[in-house]
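The values are calculated or read from the model by the stated rules, or taken from the named source; none is laboratory data. Everything numeric here is computed off the predicted structure, so don't read it as measured data. As a convention, Cβ positions derive from the backbone with ideal geometry for all residues, glycine included, and neighbour counts pool all protein chains shown. Quick note on the areas: whole protein, heavy atoms, side chains included, nothing else; ligands and nucleic acids left out. Shrake-Rupley method; radii C 1.70, N 1.55, O 1.52, S 1.80 Å.
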Amino acid sequence: MIKAIKSFRGGIKPGHHKVTAELETVKMPLPSKVVIPMLQHIGAPCMPLVKKGDRVLVGQKIGDSEQMIAAPVHSSVSGTVTDVRPVLYSTGVEVMAVEIKPDGLQEVHESVAPPVYTDKEGLLRSIRESGLVGLGGAGFPTCVKLSPPPGKVLDVLVINGAECEPYITSDYREMMENPEGIVEGTKRVMEITGVAKAFIAIEENKPLAIESISSLIKDGDNIEVVSLATRYPQGGEKQLIYTVTGRRVPVGKLPADVGVLAQNVATVAFIANYLKTGMPLIKKKVTIDGGAAANPMNVEVLIGTPLKEVFEFCGGFCEEPRKIIMGGPMMGVAQYSLDNSVLKQTNALLAFNENQAVETKESVCIRCGKCVAACPMSLMPLYINANVMRGNFEETMKYHVNDCMECGCCSYVCPASRHLVQSMRQAKAELRKLAARKQGGKN
Amino acid sequence: MVEIIIAVLIISGLGLIFGVGLSYASKVFAVEVDERVTQIREVLPGANCGACGYSGCDGFANAVVEGEAPTNGCPVGGNAVAQEVAGIMGVEPEGIKRTAARVLCNGRNSVSKEKYEYQGIDTCAAAASHFGGHKACTYGCLGHGDCKNACPFDAIVMVGGIARIVEDRCRACGMCVLACPKNLIEIIDKTKKYSVMCMSKDKGAVTRSHCQVGCIGCTKCVRACPQQAISMEGTLAKIDYSKCDNCGECTKVCPTMAIRVMDFGE
């Protein structure tokens, strides 16, 4: 085990609240229905391959896209398709979703078999077929990440076990319950990408995880466990790469440009399991926590399970939840309905009570500069916010708003409770719109 | 005394040299400006709204003289300006239709349901980027006033949580059409009084569960229209304004009052 060599700029130290850390993951029984949206990744939505009335089996592909940046979607249960209807995605677009009523048999589809491949392309194709996306939360299709653009040579692999967001412990449970899978997966990813050196980076507040993984690494594996300082956003891709390798990803570039590939622990563990069994991505470890959740715990949930049934399985609510967040409290998305489903990239469901979800009123910026000090990307959120409020979206480009990863540090520290992250997100969306309008000519 | 005279002479000498130089340069490097550009520029409204598609009124005036833009290309100035521009250009005046923007949603807070409580930046675009906005109906007006802020003519007012356009003030520049994240605003012939005030593509039952005044796709108006001007686009009625003659039969049969008379004067 080695210590991280560098320390990233800015960041915050929120309370850990990882009360579920030492609770063994519980497998959730079959839900009464699953609703599987066709968009559970960054990229183009999939087209449903099944129709109402079809019988589907576990692991059967039910949605795919011809686009390069997309990941197919599989059925997590065996049963009958009861509906194919549009549902709302968190960004506000409507995507198709397949609703399946399980028959309880959990028959496995014939396509589920360890993938057979002869070359690297074949292997990458089969990883695409597994429907794998980055399980850390963003959900970028893994096969795209594993095939860097031509001319870019990867030489370091960083496995992200930081899990720096408060409350979430699902990656920690993966490290405790399946350390063999993580090490095995790391080796497989090293083979796939031809990378000679790998680091498994874990925050130092998880000594047991560091121990359990370190004990499995033999000399000559070329894998090193790195302990990181406990600070948010330690698990941010660029921050992680800098602290572990000392390399800075330049503005507007990708980690591949500095020869680094970063993957989440759960993602590599899945790759190891997939290459052995061929079972596509149909279930997810999810942390259930928050003041309104009766029994905080970690559960293994089938993808597409309605949030309501997940919470019911965990003993329901001990008080009326004020806000339900999918993901961590820093970057997660507040949900409007418990009918929404668990997605591939869901790693936590937090039910906050009245006290935890207290809303403070936004007031004027006093230019204290706390957001500037906290920003791990060295941006100036206050000026971006001011320009967004005036509608000067083109001006925000000068402040490099596109480098913002929406980690939420600025909003966390703002004494005036300004909606800083939201204005960044807004600026990025408007800039995308402007670019599209310019491309499309006069409009 | 001598020093003062020297200084005066140097300054007046420099003045003379620059004066001659400048007057020479203004003759030799003079840029010919078509006087029609200046004239057209003078008759234009001068709002620099960009509704014509050019960079402000100057851009439009240049484009007209160069023959790129039509003489009736300024929607804000209307017929009067179009005639004057045509007069300056020495061509037949082409009339333009008086159009105005219309917000095709009637879901005031009192008749529509909310999906969640929104807290954040007070713009429609920001609200719409979170699950499509706080209105239960994903197609409805969110009422944060992005269109109102975009309007250069102060023609939009917020009434009961939705945007309404004061047609007398509206110059159909189309800035609100671009600003609306829900694409609810259309530029419609001002003389046509009836509009389907709903853009919901949801099924009738879903629309009804979200809003009391949405179009539920019952097709009663399609059958009632003597001009056959109404057709169904999925579950939504659409009026073909080239056929509509303002008879008002549609609004009499509409069970949810989604087809309404537009009378938002000053």
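Computed values, structure above
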item: Residue check, B:SER209 more than 22 Å from B:GLY107 (Cβ to Cβ), surrounded by fewer than 17 Cβ atoms within 10 Å (Cβ to Cβ) and small (Gly, Ala, Ser); result: no
item: From A:VAL34, A:VAL26, A:VAL93, residue being buried (at least 19 other Cβ atoms within 10 Å of the Cβ) and not assigned by TED's automatic domain parsing to the domain that holds A:GLU174; result: A:VAL34
item: Yes/no for A:PRO37 being more than 30 Å from A:LYS370 (Cβ to Cβ), within 14 Å of chain B (Cβ to nearest Cβ) and without any contact (Cβ under 8 Å) to a residue 12 or more places away in the chain; result: no
item: Test: residue in segment B:65-78 that is closer than 24 Å to B:LEU178 by Cβ, modelled with pLDDT under 90, part of a loop (DSSP other than H, G, I, E, B) and aliphatic (A, V, I, L, M); result: yes
item: Residue selected from segment A:338-366 under the condition surrounded by 22 or more Cβ atoms within 10 Å (Cβ to Cβ) and not in a loop (DSSP other than H, G, I, E, B), by the criterion nearest to the chain's Cα centre (by Cα); result: A:ALA348
item: Residues of segment A:390-408 satisfying the condition of being closer than 22 Å to A:GLU237 by Cα, part of a loop (DSSP other than H, G, I, E, B) and either of a type in the set (D, E, K, R) or within 14 Å of chain B (Cβ to nearest Cβ) (or both); result: A:GLU406, A:GLY408
item: Every residue from segment B:30-64 that is part of a loop (DSSP other than H, G, I, E, B), open to solvent by less than 80 Å² (accessible area, probe 1.4 Å) and away from chain A (no Cβ under 14 Å); result: B:ALA30, B:ASP34, B:LEU44, B:PRO45, B:GLY46, B:ALA47, B:CYS49
item: Every residue from segment A:416-425 that is open to solvent by 10 Å² or more (accessible area, probe 1.4 Å) and under 22 Å from the mean Cα position of the chain (by Cα); result: A:VAL421, A:GLN422, A:ARG425
item: For B:GLU114: the one exception among (1) more than 30 Å from A:GLU359 (Cβ to Cβ); (2) open to solvent by 40 Å² or more (accessible area, probe 1.4 Å); (3) out of contact with any Cys (no Cβ under 9 Å at 6 or more places or on another chain); result: (1)
item: Test: residue in segment B:71-93 that is open to solvent by 20 Å² or more (accessible area, probe 1.4 Å), closer than 30 Å to B:VAL213 by Cβ and polar (S, T, N, Q); result: no
item: A:ASP83 vs. criteria within 14 Å of chain B (Cβ to nearest Cβ) and either open to solvent by less than 30 Å² (accessible area, probe 1.4 Å) or more than 26 Å from the chain's Cα centre (by Cα) (or both); result: yes
item: Unmet criterion (only one of (1) crowded, with 18+ Cβ neighbours inside 10 Å; (2) in a loop (DSSP other than H, G, I, E, B)) for A:ILE384; result: (2)
item: Count - residues of segment A:319-337 that are part of a loop (DSSP other than H, G, I, E, B) and in contact with a strand residue (DSSP E or B) (Cβ under 7 Å, 6 or more places away or on another chain); result: 7
item: Number of the condition not met by A:PRO381 [criteria: (1) more than 14 Å from chain B (Cβ to nearest Cβ); (2) at pLDDT 95 or above]; result: (1)
item: Residue among A:SER90, A:SER76, A:SER130 that is touching a residue at least 40 places away in the same chain (Cβ under 8 Å) and within 14 Å of another protein chain (Cβ to nearest Cβ); result: A:SER90
item: Residue that is farthest from A:GLY92 (Cα to Cα), among those in segment B:146-163 that are crowded, with 19+ Cβ neighbours inside 10 Å and either touching a residue at least 60 places away in the same chain (Cβ under 8 Å) or more than 12 Å from chain A (Cβ to nearest Cβ) (or both); result: B:ALA155
item: Close pairs from segment B:105-120: first among the β-branched types (Val, Ile, Thr), partner not in a loop (DSSP other than H, G, I, E, B), Cβ under 9 Å, at least 6 apart; result: B:VAL111/B:CYS211
item: Long-range neighbours under 7 Å by Cβ, at least six apart or interchain, first residue more than 7 Å from chain B (Cβ to nearest Cβ) within segment A:417-429, second surrounded by fewer than 24 Cβ atoms within 10 Å (Cβ to Cβ) and assigned to a helix (DSSP H, G or I); result: A:LEU420/A:SER411; A:VAL421/A:SER411; A:ALA427/A:PHE393; A:LYS428/A:ASN402
item: Given (1) in contact with a Phe, Trp or Tyr (Cβ under 8 Å, 6 or more places away or on another chain); (2) in a helix (DSSP H, G or I), number of the condition A:SER411 does not satisfy; result: (1)
item: Count - residues of segment B:117-128 that are open to solvent by less than 50 Å² (accessible area, probe 1.4 Å) and more than 7 Å from chain A (Cβ to nearest Cβ); result: 4
item: Given (1) under 20 Å from the mean Cα position of the chain (by Cα); (2) away from every other protein chain (no Cβ under 14 Å); (3) crowded, with 23+ Cβ neighbours inside 10 Å, number of the condition A:GLU300 does not satisfy; result: (3)
item: Filter pass, A:VAL112 being more than 30 Å from A:GLN426 (Cα to Cα), away from every other protein chain (no Cβ under 14 Å) and modelled with pLDDT of 90 or more; result: yes
item: Condition broken by A:LYS344, with the remaining ones in (1) within 13 Å of chain B (Cβ to nearest Cβ); (2) of a type in the set (D, E, K, R); (3) closer than 30 Å to A:VAL98 by Cβ satisfied; result: (1)
item: Count - residues of segment B:6-29 that are surrounded by 10 or more Cβ atoms within 10 Å (Cβ to Cβ), aromatic (Phe, Trp, Tyr) and within 30 Å of B:ALA63 (Cα to Cα); result: 0
item: Of the criteria (1) at pLDDT 90 or above; (2) in a loop (DSSP other than H, G, I, E, B); (3) not small (Gly, Ala, Ser), which one B:ASP245 fails; result: (1)
item: Any hit, segment A:310-320, residues being crowded, with 20+ Cβ neighbours inside 10 Å and aromatic (Phe, Trp, Tyr); result: yes
item: Considering residues of segment B:129-142 that are buried (at least 24 other Cβ atoms within 10 Å of the Cβ) and touching a residue at least 24 places away in the same chain (Cβ under 8 Å) only, the residue farthest from the other protein chains (Cβ to nearest Cβ); result: B:CYS141
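One line per residue, one yes/no per condition, for (1) over 30 Å from B:GLY50 (Cα atoms); (2) surrounded by fewer than 17 Cβ atoms within 10 Å (Cβ to Cβ):
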site	(1), (2)
B:ALA179	no, no
B:ILE216	yes, no
B:LEU236	yes, no
B:ASP245	yes, yes
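Listed here are the residues, each with its yes/no results for (1) in a helix (DSSP H, G or I); (2) of a type in the set (Asp, Glu).
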position: A:ALA262; (1), (2): no, no
position: A:THR267; (1), (2): yes, no
position: A:PHE270; (1), (2): yes, no
position: A:PRO280; (1), (2): no, no
position: A:LYS284; (1), (2): no, no
position: A:ASN298; (1), (2): no, no
position: A:VAL301; (1), (2): no, no
position: A:GLU312; (1), (2): yes, yes
